[in-house]
Amino acid sequence: MRILHVVTAFPRFPNDIISPWLVEMLKRLRAAGHDVEVFAPAYRGGGNREFEGIPIHRFRYFPARWEDMTHDQATLDRLRRSPRYKIMPLFYVLGGVWAAWRLCRRRRYDVVHVHWPLPHALFGWAARRACGARMVTSWYGVELRWVKSSLPWLKRFLVWALRASDQVVAISSATAREITNLVPVSVRVIPYTVGFPEAAPGASLPPADDTFVILFVGSLVERKGVRYLIDAVPLLPAHLPAKLVIIGDGAERSRLEAQVRQRGLEHRVEVRGRVAEQELRRAYAGASVLVLPAIVDARGDTEGLGVVLLEAMSYGVPVIGSDLGGITDIVIDGETGLLVPPQDSAALAAALERLATDRGLARRLGEAGGSHVRRHFSWPAIIAQWEECYAAVRAS
């Protein structure tokens, strides 16, 4: 089957860390015998035409010097920076529609798989008109919440995009519910995953001493709720030798570091920033627990899935997550991890203390979490679901 993936950004060179889960998905689809290609915007006048064997069709939409609306930063964040970014979306849409139509007049595809349907459903529509391909749209949740909180005038576009899709796919049950609340369409739920290939059940290593190592991994932005995790540390019993390790970077980093200093927690909280892949793997292997204390941020955005939970669980590390968004597809409270109310540092501290003092529970949750990941979130399971989706849309 020939499948064209329409994306906002795609790696421009080796070690360009953009959507590694998508790259892995496309490589696995190719290994399964599918002819997979990518349709993506150019960056500053050009870009690579191939990445790890995957053909890339890049389209132009602005003079090269200013063609930077994608890749290095979230597009919505760029729109607030200058008037130039407020007019670029129109050229982006026009350039993409024209290029998609021209490409699909030259090459025929069975399926056009549209990621981020706002606005890429228009590209999928043009491709379908040009070559008769079926259109699959992947929804991540944040685009729905952007429209609801900041762009209500685009609601009719979302409704059109959903009804125009031959198959609608959400990354979590929570996102699927948001879609059906907007328009009554049939929705498949297919998550994505990352994981490390060599991670194995029971791969977690206890720290050299008795330190209870609390790990957070992710972007340091408001919706991750890291400040509530920092506030939970001093609520732990004084006799518990706990240490919080924060890995990641982002707009909230300086504020979080200031919070650590103000609370006098420098000896108990370490903000490492971005780390190399090998160090990240060592951090997972040495963690006692991973916490994702997500919240709903000021823009109405929250965690669409929670891939770091899957990564930790693949190492046999017990996890704690907020009871919202896509996290609830991964963490079944008391079975594959613990759930706590969002923005509740006291509840976080209580859950941490529970795992620190009941090592049997921590071990059971870690083992059950690893099994849950292998059954429902492994790459073979996810690729099988995508092949079923593509086969269904082609048959229709």
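Where a number appears in this text, it was derived from the coordinates with a stated rule and is not lab data. Since we're looking at a predicted model, the values are computed, not measured. Cβ placement follows ideal geometry from the backbone for every residue including glycine, while neighbour counts extend to all protein chains displayed.
For the reader, a short list of remarks on this structure follows.
- Comparing A312, A126, A384 in a Gaussian network model of the chain (Cα springs below 10 Å), the most mobile by mean-square fluctuation is A384.
- A straight Cα-to-Cα reach below 27 Å connects K148 with the lysines K86, K224, residues fewer than 8 places away in its own chain not being considered.
- 12 Å beta-carbon shell around I190, net charge (K/R +1, D/E -1): -2
- Taking amide hydrogens as placed 1.01 Å from N in the peptide plane, the amide H of A133 sits under 5 Å from those of Y109, each at least 5 positions away in sequence or on another chain.
- Considering only P380, L235, P341, and ranking their Cα positions along the charge dipole of the chain that arises from unit charges at the beta-carbon of Lys, Arg, Asp and Glu, the one farthest toward the positive end is P380.
- Extended-chain gain in nm, criterion 0.36 nm per residue less alpha-carbon gap, R84 and T211: 40.6 nm
- Residues Y284, Y85, sorted so that the one with the fewest Cβ neighbours within 10 Å comes first: Y85, Y284
- With a Förster radius of 35 Å applied to the beta-carbon distance between F91 and A276, the computed FRET efficiency rounds to 0.40.
- Calculated P(r) tail over 29 Å for the chain, as whole % of Cα pairs: 46 percent
- Kirkwood Rh, angstrom, the stretch 98-146 [1 / mean 1/r, Cα pairs]: 10.9 Å
- Ranked I327, I295, criterion: other C-beta atoms within 10 Å, fewest first: I295, I327
- Across the stretch 382-388, coupling constants 3J(HN,Hα) worked out from phi with the 6.51/-1.76/1.60 Karplus curve, θ = phi - 60°, read 6, 4, 4, 5, 5, 5, 5 Hz, and Gly and Pro carry x.
- Scaled against 2.2 N^0.38 Å for its residue count N, the alpha carbon radius of gyration of the stretch 212-376 is 0.94.
- Candidates L361, L292, L339: whichever shows maximal mean-square fluctuation once the chain is modelled as a Gaussian network with Cα springs under 10 Å: L361
- Here the stretch 49-177 was treated as a single set of alpha-carbon atoms; its pair distances binned every 10 Å from 0 give 11, 38, 38, 12, 0 percent.
- Nitroxide proxy distance, nm - points 7 Å out along Cα→Cβ at S173 and R102: 4.7 nm
- A298-V185 pseudo-label distance in nm [points 7 Å out on the Cα-to-Cβ vector]: 3.2 nm
- Here the gap between S150 and A251, fully extended at 0.36 nm per residue and compared with their Cα-Cα distance, gives a gain of 34.4 nm.
- Lone cysteines, the chain (no partner Cβ under 4.7 Å): C389
- Per-residue Karplus couplings for the stretch 369-375, computed as 6.51 cos²θ - 1.76 cosθ + 1.60 with θ equal to phi - 60°, are listed in order as x, x, 5, 4, 4, 5, 6 Hz, Gly and Pro entered as x.
- Residue order, fewest to most surrounding Cβ atoms within 10 angstrom, among R12, R299: R299, R12
- Label point distance in nm, A64-A258, each placed 7 Å from Cα along Cα→Cβ: 4.2 nm
- Amide H to amide H distances under 5 Å link V340 with G321, S322, D323, where only residues 5 or more positions off or on other chains count and H is placed in the peptide plane.
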